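One structure is given below, encoded as structure tokens.
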Amino acid sequence: MTTGAAAETRPLFTITRMDSADDALAAAAAEFGYEVARFRLFETKPGAQVADFLSWLPGAPEGTALAWTSRRAASVLAEAALPEMHDALARLPLFAVGKESAAPIADAGIAVTLPREGLGALNLATQLIGMAPQNGIKRVAFIHGDRALTELPDALAGAGISVDRFEIYRTEYVPCDVSPLKNALAAERPCVIAFYSPSGVAGLERLLDPVASEALHRRATAIARGQTTYQTLLKWGYLQALRPMGEPCEPFGACVRGALRASSASGSPR
């Protein structure tokens, strides 16, 4: 994070997680002249049903698929089940909401199906429902966190596909110094913020006073990693919320870089 007099007038790019996968975006923002702030808003803990899921996995019945809608679910799955249960996972049809959420499992050489129509739980549900007849899928095990939304299981159930739910992680908010963002908003500097999950949105909002929150919603350009996070931004009242229009047409990184370029070029408060 850059401090000092120069940072007081530059636009701010905020990344709402601490992940090395975002290093390239942080570097791009710095090249555009941004101050960069990264916030660790929460941490992921094992959920109440990790042991239940690991007991279920080896004997998963025929006609069952496994699905998840976050990278954190896949990370917990990989840590808990690999390499010991590699073959058990590989036998199942696996579905993830996007490339990033699939990566912890796909990187182990296990095939994961992604939605063709872009990121989002409903797109994943559409993909899974469309493939169910030809793949003999009658049941889906949905692995999730304690704050998971219900779009995917609701859509599957509505299509007549039974859903078993396993809470394999939980989200715990942690203290975080968000003064770089508060200062930028108070100074009416252009702000661009990358959000990766609804938990990230809620985790940031809880740390802002009403004045800062109103300024954030009204003036900041907020980019959502996926459709569910985008809808969360709209519900919170973000007036300049963006999302990728669907991979591979516009990956998240390209969407963020476009927003950074546009905000930097404007040179005026939003």
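At q = 0.13, 0.22 Å⁻¹, what is the log10 ratio I(q)/I(0) for segment 45-172, with the Debye formula run over Cα points and no solvent?
Calculated log10 I(q)/I(0) at the listed q: -0.45, -1.46.
Springs between alpha-carbon pairs under 10 angstrom, Gaussian network model over the chain: which of T221, T113, T150 fluctuates most?
Maximum fluctuation in the GNM of the chain, among the listed residues, is at T150.
To the nearest 500 deg cm²/dmol, what mean residue ellipticity at 222 nm is calculated for the chain from DSSP H runs of n ≥ 4 alone, each contributing -39,500 (n - 2.57), summed and divided by the residues?
The helix-only estimate for the chain comes to -12000 deg cm²/dmol at 222 nm.
If one puts a single equal scatterer on every Cα of the chain and applies the Debye formula without solvent, what log₁₀ I(q)/I(0) results at q = 0.08, 0.10, 0.12, 0.14 Å⁻¹?
One equal scatterer on each Cα of the chain leads to -0.35, -0.53, -0.74, -0.95.
Could you order peptides 120-131, 188-199 by the average number of other Cβ atoms within 10 Å of their residues, highest first?
Ranked by mean Cβ neighbours within 10 Å, highest first: 188-199, 120-131.
Could you check the simple spin-label distance between E117 and A186, using points 7 Å along Cα→Cβ, in nm with one decimal?
Reported label-point gap for E117 and A186 is 4.6 nm.
Beyond 18 Å, what percent of the Cα pairs of segment 179-255 remain?
Of the Cα pairs, 36 percent sit more than 18 Å apart.
Tell me, T228, T64, T69 in order of fewest to most beta-carbon neighbours within 10 Å?
In order of increasing Cβ crowding within 10 Å: T64, T228, T69.
Hey, fewest Cβ within 10 Å first, where do H144, H217, H86 land in order?
Numbers: H144 23, H217 18, H86 14.
By the 10 Å Cβ count, ascending: H86, H217, H144.
None of the figures in this text is laboratory data; all of them are computed from the coordinates on show. Since the model is a prediction, treat every value here as computed from it, not as a measurement. In this analysis, Cβ positions are derived from the backbone assuming ideal geometry, glycine residues included, and neighbour counts consider all displayed protein chains.
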